[in-house]
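The values are calculated or read from the model by the stated rules, or taken from the named source; none is laboratory data. None of the values given here were measured: they were computed from a predicted structure. In this analysis, Cβ positions are derived from the backbone assuming ideal geometry, glycine residues included, and neighbour counts consider all displayed protein chains. Surface areas here come from the heavy atoms of the whole protein model, side chains and all, with no ligands, DNA or RNA. Shrake-Rupley method; radii C 1.70, N 1.55, O 1.52, S 1.80 Å.
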Amino acid sequence: ADLAVSVARPGGIHLYNGSRGIVFAIHKQTQANYTSLDRQLMNICNELQADYPLARFTYTQSQSGLLRDSIRQLVLSLVLGTVLSFLILFLFSGEWKSPVLMGVLIPVSMLATLCCLYLVGLSINIISLSGMLLGIGILIDNGIIIIDNIQVQQKKGILLDQACASGTLEVIPALISSTLTTLSVFIPLVFMQGMAGTLFKEQAYTLSVVMIGSLLVSFFLLPVLYRRFQPRIDRSENTLFARLLVYYKKSQEIKYNSVYGLFFLVLLAGGVLSYMHLPAQNLPDIRTHDASVRIVWDEPLSLQENESRTRALVENMHQLLDWEADIGQNEIVENGINTRQQSLVYLKFEDEKAKERGLLFLKDKFRRDYPATRVTIQRAKNPYDQLFVQNEPFVSYRLRTSTDQLIDVHDLASYLPDDVTVGDGFQLQSGLNLVFDPVRLSTYGLTEDQIIRQLKIQFNDQLVTTVNEVNESVPVVVRGTEKIIQPELTKLFVTAGDSVNYPVTYFFEFQESVTPRFITADKAGVFQEVRLEDSNPRLAAISESIVNLAKSRGWTVSQQGSFLYARQNLLNLLVSFVLAIVLLYVILAAQFESLLLPVIILSEIPISASGSLLFLYATGHTLNISSLIGLVIMLGIIVNDSILKVDTINRYRKNGVPTEAAIQIGGADRLKPILMTSLTTILALIPVLFSKGLGGDLQAPLAIAVIGGLAIGTVCSIYLVPILYRKFMA
């Protein structure tokens with residue numbers, strides 16, 4: 001025998017942009033900071049590069065860059081939202097001092113928020129920043145209402161000092177009530193478990209701190225600053241608002257009530273239809289430039305052949321920035337089959353369009369050249385996928401026969417929609433069966449084990465013994481060839497009992513076979529599955545077609561997948577929505593000392609929710625945790641305008657003003673602050689819709705839900721609430 005010290009034969013290969021290398025997977029602890037970890041790892045790479053100058057060290061697939069870009073986008077949205085809010089203040093006020101007062105109010109409130117976040121150990125991240133972004137509009141609202149009320153007092157001829165005091169004191173109960181109603185909707189969500197609770201708790205805390213800080217600053221600092229700045233007061237409104245006021249007074253005539261009623265009923269019906277057609281998922285779709293491809297080849301391959309095929313696939317793709325591949329067996333494979341016939345490929349493209357073209361090319365290539373190969377293409381995991389990792393596809397359909405007989409994939413091929421892929425249980429492999437001749441074995445005094453042992457020595461690294469030294473153990477193996485091919489078997493001989501060497505092929509026959517590569521099973525027995533990896537708007541139609549196919553063949557079918565968690569999360573949020581409405585009713589009933597007035601105020605909630613659903617449907621979003629959290633937040637914000645309006649009407653009635661006149665005067669008094677507060681909140685959220693990255697994708701459905709609900713809810717506050725007040729409280 002030839003003896004040599006050599007390196008163990010690899011079971012897997014790692015490629016980075018075509019070069020072989022060694023990969024280390026770094027997993028951060030739950031509470032670790034991405035930026036800090038990123039900095040430490042970069043320093044380690046630099047140190048290693050200095051120590052080993054002949055090697056090249058690269059730090060890849062870091063999520064910190066994605067998070068930094070997302071946070072940068074949200075900070076930009078925060079600034080743009082503030083600027084747009086200021087423009088609305090300038091537009092309605094007609095002078096510059098009032099907006100400047102708001103400019104002082106915002107940083108003071110934000111500074112208080114940051115101090116509170118620091119004291120409780122929270123960081124600036126995507127969730128807390130989105131809470132601040134939502135808080136911008138609400139923060140300005142309190143200042144707008146107080147400034148507007150002070151100016152109303154001044155227009156009545158009251159001196160500045162007294163106007164600052166009485167104008168602030170007059171709206172304190174209503175502002176406290178509106179803040180409490182907004183905070184009350186957070187209470188059920190804070191106690192939620194799972195994904196919704198994880199996502200919302202920090203956001204709710206941040207938003208609550210912003211609101212409470214804004215309330216305190218508005219009560220104690222804003223009147224003092226107003227007295228100091230002394231904004232100019234015009235006895236007549238600016239041209240824009242004067243026209244709006246004239247139109248508002250005309251539109252309040254009783255003859256239009258039936259038109260408004262029909263309009264709100266249509267909105268309500270539109271919201272119901274939108275809800276019925278909105279697909280449900282856990283998290284909103286997140287746009288990235290990278291993808292993960294898992295390949296399980298349809299035939300036995302050597303490691304070198306697997307590498308060659310993988311290289312050929314990737315090197316023909318264009319507009320790739322980086323690519324990596326784990327080929328064959330590796331120690332960091334996630335929830336997959338660890339086999340030499342697999343490749344895990346990471347692809348990073350220049351942009352989303354390049355990604356679409358590249359993945360389309362990949363699908364066509366496999367469909368044309370390797371139709372039986374199992375290919376799974378998914379978005380590469382981002383921090384939220386890793387935080388809420390679910391090892392199941394969006395939905396899988398487990399098919400079973402009554403006899404545990406495996407289903408032929410060709411029975412399904414013509415019936416499956418394009419988006420549906422087959423599971424591992426449908427994968428087949430070809431091979432050689434060796435059928436031994438017992439008569440010949442017995443005649444020459446041989447056993448099957450002797451033949452098999454000889455084959456293992458020839459075609460595998462057969463362990464003989466281990467040499468143990470002080471600090472290491474060295475395996476001693478008889479090294480075989482790389483792959484089994486039929487001609488090589490004819491060169492093998494085995495020594496029989498008569499000491500004569502005979503060809504091993506004399507003792508068996510070859511039979512080519514095709515057998516399942518994997519058997520998938522659960523507690524109910526063997527199954528084979530077809531699956532949707534990601535959410536699909538045609539889920540209902542796809543499910544119906546697969547169930548009908550199973551029934552027609554006599555198979556049983558069961559559904560699994562992450563969509564079940566999505567349904568449960570959505571159900572929990574809907575329960576929280578109902579609980580929030582109950583809490584709102586209790587708070588409003590205590591404030592107004594009436595059981596009917598809260599019903600009038602809360603009557604706008606279903607129509608405002610319809611507005612949110614209509615906007616979500618029109619913009620192509622889904623019902624997910626983010627959009628439903630937006631619905632709940634909208635619920636707390638939207639009733640504030642109606643609370644202030646009803647409170648003003650009640651004050652006029654207590655002062656002896658007739659009901660109809662009180663409705664008209666109160667509505668005119670509150671029109672300007674209602675429009676300003678709604679517009680500032682909407683405009684503060686609009687930049688989120690144009691933000692890119694993880695933060696923008698995650699918060700866009702929330703912003704859409706809030707914007708849609710506020711837009712429709714503002715109309716309800718202006719028109720529906722007076723109609724109902726006139727009908728039930730006159």
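Taken as a whole, the stretch 319-330 holds at least one residue that is in contact (Cβ under 8 Å) with a residue 24 or more places away in the chain, assigned to a loop (DSSP other than H, G, I, E, B), among the polar types (S, T, N, Q) and in contact with an Asp or Glu (Cβ under 6 Å, 6 or more places away or on another chain). Against the conditions (1) of a type in the set (A, V, I, L, M, F, W, C); (2) open to solvent by 40 Å² or more (accessible area, probe 1.4 Å); (3) free of Cβ contacts under 8 Å to residues at least 60 places away in the same chain, VAL272 satisfies every one except (3). Elements of the type helices (runs of 4 or more DSSP H) sitting completely within the stretch 529-624 and holding at least 3 residues that are in contact with a Phe, Trp or Tyr (Cβ under 9 Å, 6 or more places away or on another chain) and modelled with pLDDT of 85 or more: these cover 597-602, 604-618. When we screen SER691, SER678 for residues that are buried (at least 22 other Cβ atoms within 10 Å of the Cβ) and assigned to a loop (DSSP other than H, G, I, E, B), the only hit is SER691. Considering only residues that are among the polar types (S, T, N, Q) and open to solvent by less than 50 Å² (accessible area, probe 1.4 Å), look in the stretch 573-605 and name the one that is nearest to PHE394 (Cα to Cα). Among those residues, the one meeting the criterion is SER576. Looking only at the stretch 250-268, count every residue that is open to solvent by 100 Å² or more (accessible area, probe 1.4 Å) and under 15 Å from SER610 (Cα atoms) and tell me the total. Number of matching residues: 2. Residues in the stretch 497-528 that are over 30 Å from TYR444 (Cβ atoms) and in a loop (DSSP other than H, G, I, E, B): 7 in all. Within the stretch 337-376, being closer than 18 Å to GLU307 by Cβ and of a type in the set (S, T, N, Q) holds for ASN338, THR339, GLN341, GLN342, SER343, THR373.
The residues on offer are THR681, THR714, THR659, and the sole one that is modelled with pLDDT of 85 or more, more than 19 Å from the chain's Cα centre (by Cα) and within 18 Å of SER178 (Cα to Cα) is THR714.
Counting only helices (runs of 4 or more DSSP H) that sit wholly inside the stretch 383-467, those with at least 2 residues that are of a type in the set (Val, Ile, Thr) and at pLDDT below 85 are 448-459. When residues in the stretch 606-642 are screened for being polar (S, T, N, Q), crowded, with 24+ Cβ neighbours inside 10 Å and over 16 Å from the mean Cα position of the chain (by Cα), 5 of them pass. Remark: pairs (first residue in the stretch 516-531, on the phi > 0 side of the Ramachandran plot; second residue modelled with pLDDT under 85 and open to solvent by 30 Å² or more (accessible area, probe 1.4 Å); Cβ separation under 7 Å; 6+ apart in sequence or on different chains) = GLY525/ASP404. Which members of the stretch 1-25 meet the condition of being surrounded by 13 or more Cβ atoms within 10 Å (Cβ to Cβ) and either without any contact (Cβ under 8 Å) to a residue 40 or more places away in the chain or assigned to a strand (DSSP E or B) (or both)? Passing the criteria: GLY12, ILE13, HIS14, LEU15, TYR16, GLY21.
Taking the conditions (1) more than 14 Å from ARG294 (Cβ to Cβ); (2) in contact with a helix residue (DSSP H, G or I) (Cβ under 9 Å, 6 or more places away or on another chain); (3) buried (at least 18 other Cβ atoms within 10 Å of the Cβ) in turn, SER343 satisfies each one other than (1). When the stretch 29-50 is filtered for residues that are over 20 Å from ARG68 (Cα atoms) and either touching a Lys or Arg at 6+ places or on another chain (Cβ under 9 Å) or of a type in the set (Val, Ile, Thr) (or both), the ones remaining, listed by number, are ILE44, GLN49. Kindly check whether there is at least one residue in the stretch 345-367 that is in contact (Cβ under 8 Å) with a residue 60 or more places away in the chain, among the hydroxyl-bearing types (Ser, Thr, Tyr) and closer than 17 Å to ASP697 by Cβ. No, there is no match, as no residue in the stretch 345-367 is in contact (Cβ under 8 Å) with a residue 60 or more places away in the chain, among the hydroxyl-bearing types (Ser, Thr, Tyr) and closer than 17 Å to ASP697 by Cβ.
Among the numbered criteria (1) in a helix (DSSP H, G or I); (2) in contact with a Ser or Thr (Cβ under 8 Å, 6 or more places away or on another chain), which single criterion is violated by VAL715? It is condition (2) that VAL715 fails. The listed residues are THR490, THR495, and the only one of them that is open to solvent by 30 Å² or more (accessible area, probe 1.4 Å) and modelled with pLDDT of 80 or more turns out to be THR495. Scan the stretch 654-675 for residues that are over 13 Å from PRO722 (Cβ atoms) and surrounded by fewer than 16 Cβ atoms within 10 Å (Cβ to Cβ) and the total you get is 4.
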